[in-house]
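Worksheet: the structure to be examined is printed underneath.
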Amino acid sequence: MTEVIKIEGGHRLEGEVVISGAKNATVALIPAAVLANSAVTIAGIPQIADVDSLTEILNILHVDVKETVNGHLVIDPSNMENTVLDQDVVTKLRASYYFMGALLGKYGRVCMKMPGGCYLGPRPIDLHLKGFEALGAKVSNMGDLYTIEAEKLIGTKIFLDIASVGATINIMMAAVYAEGRTTIENAAKEPEIIDVATLLNNMGARIRGAGTNVIKIDGVRSLSGCVHEIIPDRIEAGTFIIIAAAMARHMVVRGIIPQHLDALLSKLTDMGINMNVGIDFVEISETKHMNAVNITTKPYPGFATDLQQPLTTLLTQAEGVSRIKETIYIERFKHCDELNKMGASIDWQEGSCHVNGPTPLHGAKVVATDLRCGAAMVVAGLVAQGITEISNVYHIDRGYSEIDRKLRELGAVIWREQIE
Ligand code: EPU
């Protein structure tokens with residue numbers, strides 16, 4: 001038996017949706033918490049499968065994890081042990097690599113399997129490893145088991161060839177206890193990096209410059225517990241804004257930081273979407289006519305690669321040819337084949353695609369080949385006439401908190417079924 005999501009499309013949506021805590025911050029904050037020597041409380045944890053996997057890893061490390069009645073996660077590493085992480089759960093998600101930086105930073109040694117996650121083409125971690133080596137660590141591997149160890153970590157200057165989100169956060173975590181100052185140049189500037197630096201600083205770390213391309217970390221001797229609230233998920237927010245642009249009669253996407261979505265909102269304005277941007281919300285009304293636009297994905301504050309796939313679905317409804325250039329993951333176009341099964345007209349090759357619109361979409365059996373492809377399929381299912389059946393829903397559940405409930409409350413007809 002396998003689970004599928006079914007959507008009966010064509011229903012206009014109405015009402016408010018409140019956005020959950022950011023997945024890509026959460027999955028770094030949880031490993032970062034083990035750097036403390038007492039309990040860290042994280043508020044605003046989204047209900048996603050990646051959190052369950054990370055909790056499983058914490059249990060393997062003998063870290064005490066409790067969920068409070070109001071949904072906070074209390075992570076107490078007082079009795080933690082630096083166990084080998086060779087279990088399958090490590091390969092279920094990409095973000096398990098944050099235990100590399102956290103355990104190396106705390107113990108000077110980590111032994112673990114390679115991370116997994118969505119297949120979006122090659123996703124090397126050479127920049128993470130180079131950063132650890134620059135701090136004085138040695139990296140070796142036996143099969144898929146990596147050992148990273150250092151007698152002592154010493155602060156240094158690290159220039160990242162690519163402004164990688166993962167490498168920036170991982171080096172930051174490895175460097176918090178290092179002797180002296182670590183400077184990361186060409187650091188990534190994503191809001192999730194600021195969130196992780198904020199948690200670490202509240203724990204007692206000395207990190208300056210997070211959110212700019214130069215981050216300075218002065219090593220400290222001890223970090224202790226604190227309370228931290230996760231920033232809202234800009235990708236979930238963007239997905240719901242795209243859903244609203246496609247199908248809302250009138251919708252409010254609330255509990256967000258609209259500045260984190262400037263690149264998307266500017267494109268939606270160019271498309272002619274009826275929107276009103278508030279302090280912590282975006283209000284969207286029905287739009288009868290949408291224009292085609294061109295987008296190029298870029299590191300933050302550029303257009304997010306994670307919103308490229310759901311936006312592609314919206315562009316199938318816009319008048320004219322939209323050109324999309326993907327510069328972060330050149331193979332992130334599997335959703336185009338799935339959309340074409342539903343009546344879209346998209347030509348794609350490695351690195352780019354052309355969306356010829358508008359084309360009516362019809363329900364079909366489609367596959368969520370990765371997390372954001374899954375989001376693109378949900379948008380398509382809501383737009384399409386008839387019933388869409390989405391398989392591989394575990395990808396969607398890795399990153400979207402209670403997506404069915406949130407959509408049903410807006411008037412969508414969406415349910416799950418177990419099929420043979
Ligand atoms: N890269 C390297 N070497 C490295 C690291 C990255 O060549 O050592 C390359 C990657 O192959 C990619 C580019 O650098 O072409 C940027 O990758 P980055 O390291 O910034 O990505 P990531 O940290 O692996 C995070 C998010 C992704 C999101 C990207 C880009 C998490 C857990 N994942 O991945 O989120 O697409 O940043 O913004 O934070 C998603 O949420 O669906 C998702 C895939």
Check every one of the strands (runs of 3 or more DSSP E) wholly within segment 8-125 and list those with 3 or more residues that are aliphatic (A, V, I, L, M). 13-18, 40-43, 73-76
Scan of segment 184-197 for residues that are more than 18 Å from the chain's Cα centre (by Cα) and open to solvent by 20 Å² or more (accessible area, probe 1.4 Å), ordered by number: Glu185, Asn186
If I filter segment 164-182 down to residues being away from the ligand (no atom under 15 Å from the Cβ) and open to solvent by 20 Å² or more (accessible area, probe 1.4 Å), which single residue comes out as nearest to Cys226 (Cα to Cα)? Tyr177
Going through (1) open to solvent by less than 50 Å² (accessible area, probe 1.4 Å); (2) more than 16 Å from the ligand (Cβ to nearest atom) one by one, Thr305 fails only at (2)
Residues that are hydrophobic (A, V, I, L, M, F, W, C), within 16 Å of the ligand (Cβ to nearest atom) and open to solvent by 30 Å² or more (accessible area, probe 1.4 Å), drawn from segment 315-350: Ile328, Ile330
Residues satisfying the stated conditions in segment 208-227, i.e. part of a strand (DSSP E or B) and surrounded by fewer than 22 Cβ atoms within 10 Å (Cβ to Cβ): Arg208, Thr212, Val214, Lys216, Asp218, Val227
Tally, over segment 10-24, of residues that are more than 13 Å from the ligand (Cβ to nearest atom) and open to solvent by 20 Å² or more (accessible area, probe 1.4 Å): 8
Among the residues of segment 60-78 satisfying the criterion of being open to solvent by 80 Å² or more (accessible area, probe 1.4 Å) and touching a strand residue (DSSP E or B) at 6+ places or on another chain (Cβ under 7 Å), which is modelled with the highest pLDDT? Lys66
Quick one: count up the residues across segment 260-273 that are more than 16 Å from the ligand (Cβ to nearest atom) and either at pLDDT below 95 or open to solvent by less than 30 Å² (accessible area, probe 1.4 Å) (or both). 4
Restricting attention to segment 31-50, which residues are within 15 Å of the ligand (Cβ to nearest atom) and either open to solvent by 40 Å² or more (accessible area, probe 1.4 Å) or over 14 Å from the mean Cα position of the chain (by Cα) (or both)? Pro31, Ala32
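The values are calculated or read from the model by the stated rules, or taken from the named source; none is laboratory data. Source: prediction; values computed, not measured. All Cβ positions, even for glycine, are placed from backbone atoms using ideal geometry, and neighbour counts span all protein chains on display. For accessibility, only protein heavy atoms count, side chains too; no ligands or nucleic acids. Shrake-Rupley method; radii C 1.70, N 1.55, O 1.52, S 1.80 Å.
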